[in-house]
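Have a look at the structure below before the remarks.
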Amino acid sequence: MAEIRIEEKKTTGSIWPWIIGLLLLGLIIWGVSEAFDESDEVVTEEVMENDEGVAPVAQGVDENNNYNDYEVNSDYASAKEAYLATTANMEGEMGLDHDFSHQALTELANAASALAVSAGVDDAANTDGKAQRVKRLAEEITRDPMAGDHADKIKMASMLIVEMLEDVSQAKNNQASDAISKLRQEAQAMTAETLTLNQKENVRSFFSQARTVLNEMS
């Protein structure tokens, strides 16, 4: 007689614990996400409150529908005032240390750069690159009082500033173009072969004419 084998039927476990577990996991992830979102909102509010002391970059539209960046204009006003104060009295200011020329060139480069930004020509004209080169040249003339290339470097820096102002003038319908042409002449009057201390008047004339240009481009 054949033996009949009887096997126990294996019962399959319930899937409800898995479903409940997944739901709980989803709730935990949602809770953590909400907590981070609230934290970000708090941080954003704190940053906005702390930014109240920072000068706003307000923009407006003038009668020609051109956008004006008031913070840039403020930067130019500050740079201009600094230059005008430095060059208000140039008698006896030029010595072997060249500190006066260094400061005047640096402040003039800052003013020209701010003008270029306000006119929207800073990128196309590589204004920042020219301004940085002016500052490097201005720094170099203070390193060795006995070097014989100071006049050459002051002239190169002066010509770069003239180029920056010419770019701004063209963008502003040739504003102050006559004064800038005179400024170019003053820069070209400097000679690289002559020591700076022997051509103080040429350097002073350049800085003086630059004062005129900045006043006309205000």
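Output yes when any residue across segment 91-99 is modelled with pLDDT of 85 or more, within 30 Å of Glu140 (Cβ to Cβ) and surrounded by 12 or more Cβ atoms within 10 Å (Cβ to Cβ), and no when none is.
Keep residues of segment 91-99 that are modelled with pLDDT of 85 or more, which gives 98-99.
With the extra rule that they be within 30 Å of Glu140 (Cβ to Cβ), the set shrinks to 98-99.
Imposing the further condition that a residue be surrounded by 12 or more Cβ atoms within 10 Å (Cβ to Cβ) reduces the set to 98-99.
Among the residues of segment 91-99, at least one is modelled with pLDDT of 85 or more, within 30 Å of Glu140 (Cβ to Cβ) and surrounded by 12 or more Cβ atoms within 10 Å (Cβ to Cβ), which makes the answer yes.
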Subject >> Those residues of segment 143-180 which are in contact (Cβ under 8 Å) with a residue 24 or more places away in the chain and basic (Lys, Arg), in sequence order >> reply: Lys155, Lys172
Original post:
Using beta carbons and a limit of 7 Å, which pairs, at least six apart or on different chains, have the first residue in segment 195-218 and within 19 Å of Asp99 (Cα to Cα) and without any contact (Cβ under 8 Å) to a residue 40 or more places away in the chain and the second one crowded, with 17+ Cβ neighbours inside 10 Å and not β-branched (Val, Ile, Thr)?
Top reply: Asn202/Met190; Ser205/Glu186
Subject >> Single condition Ser74 does not satisfy, out of (1) at pLDDT 50 or above; (2) more than 24 Å from Asn173 (Cβ to Cβ) >> reply: (2)
Original post:
Within segment 120-154, how many residues turn out to be closer than 19 Å to Met190 by Cα, of a type in the set (Val, Ile, Thr) and not in a helix (DSSP H, G or I)?
Top reply: 2
Original post:
Across segment 100-121, what is the number of residues that are open to solvent by 30 Å² or more (accessible area, probe 1.4 Å) and within 18 Å of Gln199 (Cβ to Cβ)?
Top reply: 1
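If I ask for residues that are out of contact with any Gly (no Cβ under 9 Å at 6 or more places or on another chain) and within 13 Å of Val121 (Cβ to Cβ), which ones from segment 138-172 would you list?
Scanning segment 138-172 gives Glu163, Met164, Leu165, Glu166, Asp167, Val168, Ser169, Gln170, Lys172.
What is the residue count in segment 187-208 for residues that are open to solvent by 30 Å² or more (accessible area, probe 1.4 Å) and under 28 Å from the mean Cα position of the chain (by Cα)? Before the answer, list the steps.
Taking segment 187-208 first, the residues open to solvent by 30 Å² or more (accessible area, probe 1.4 Å) are 188-189, 191-195, 197-198, 200-202, 205, 208.
Filter once more, so that each one left must be under 28 Å from the mean Cα position of the chain (by Cα): 208.
Number of matching residues: 1.
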Original post:
Which residue pairs have Cβ atoms under 8 Å apart, sit 6 or more places apart or on different chains, and have a first residue in segment 117-135 that is touching a residue at least 12 places away in the same chain (Cβ under 8 Å) and a second that is among the basic types (Lys, Arg) and not in a helix (DSSP H, G or I)?
Top reply: Ala119/Lys172
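Go through segment 155-185 residue by residue and tally those that are open to solvent by 30 Å² or more (accessible area, probe 1.4 Å), out of contact with any Lys or Arg (no Cβ under 7 Å at 6 or more places or on another chain) and in a helix (DSSP H, G or I).
Applying the first criterion (open to solvent by 30 Å² or more (accessible area, probe 1.4 Å)) to segment 155-185 yields 155-156, 159, 163, 166-167, 170-175, 177-178, 181-182, 184-185.
Of the ones still in play, those that are also out of contact with any Lys or Arg (no Cβ under 7 Å at 6 or more places or on another chain) are 155-156, 159, 166-167, 170-175, 177-178, 181-182, 184-185.
From what's left, in a helix (DSSP H, G or I): 155-156, 159, 166-167, 170-171, 177-178, 181-182, 184-185.
Total meeting the criteria: 13.
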Subject >> Those residues of segment 122-138 which are of a type in the set (Asp, Glu) and open to solvent by 80 Å² or more (accessible area, probe 1.4 Å), in sequence order >> reply: Asp123, Asp128
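Residue by residue, here is whether (1) at pLDDT 95 or above; (2) among the polar types (S, T, N, Q); (3) under 19 Å from Lys80 (Cα atoms) holds:
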site: Ala138; (1), (2), (3): no, no, yes
site: Ala147; (1), (2), (3): no, no, no
site: Asp152; (1), (2), (3): no, no, no
site: Met159; (1), (2), (3): yes, no, yes
site: Ala176; (1), (2), (3): no, no, yes
site: Gln185; (1), (2), (3): yes, yes, no
site: Glu201; (1), (2), (3): no, no, no
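The values are calculated or read from the model by the stated rules, or taken from the named source; none is laboratory data. Quick caveat, the model's predicted, so the values are computed rather than measured. Using ideal geometry, Cβ is built from the backbone for each residue, glycine included, and neighbour counts are taken over all protein chains shown. With ligands, DNA and RNA removed, areas are computed over all heavy atoms of the protein, side chains included. Shrake-Rupley method; radii C 1.70, N 1.55, O 1.52, S 1.80 Å.
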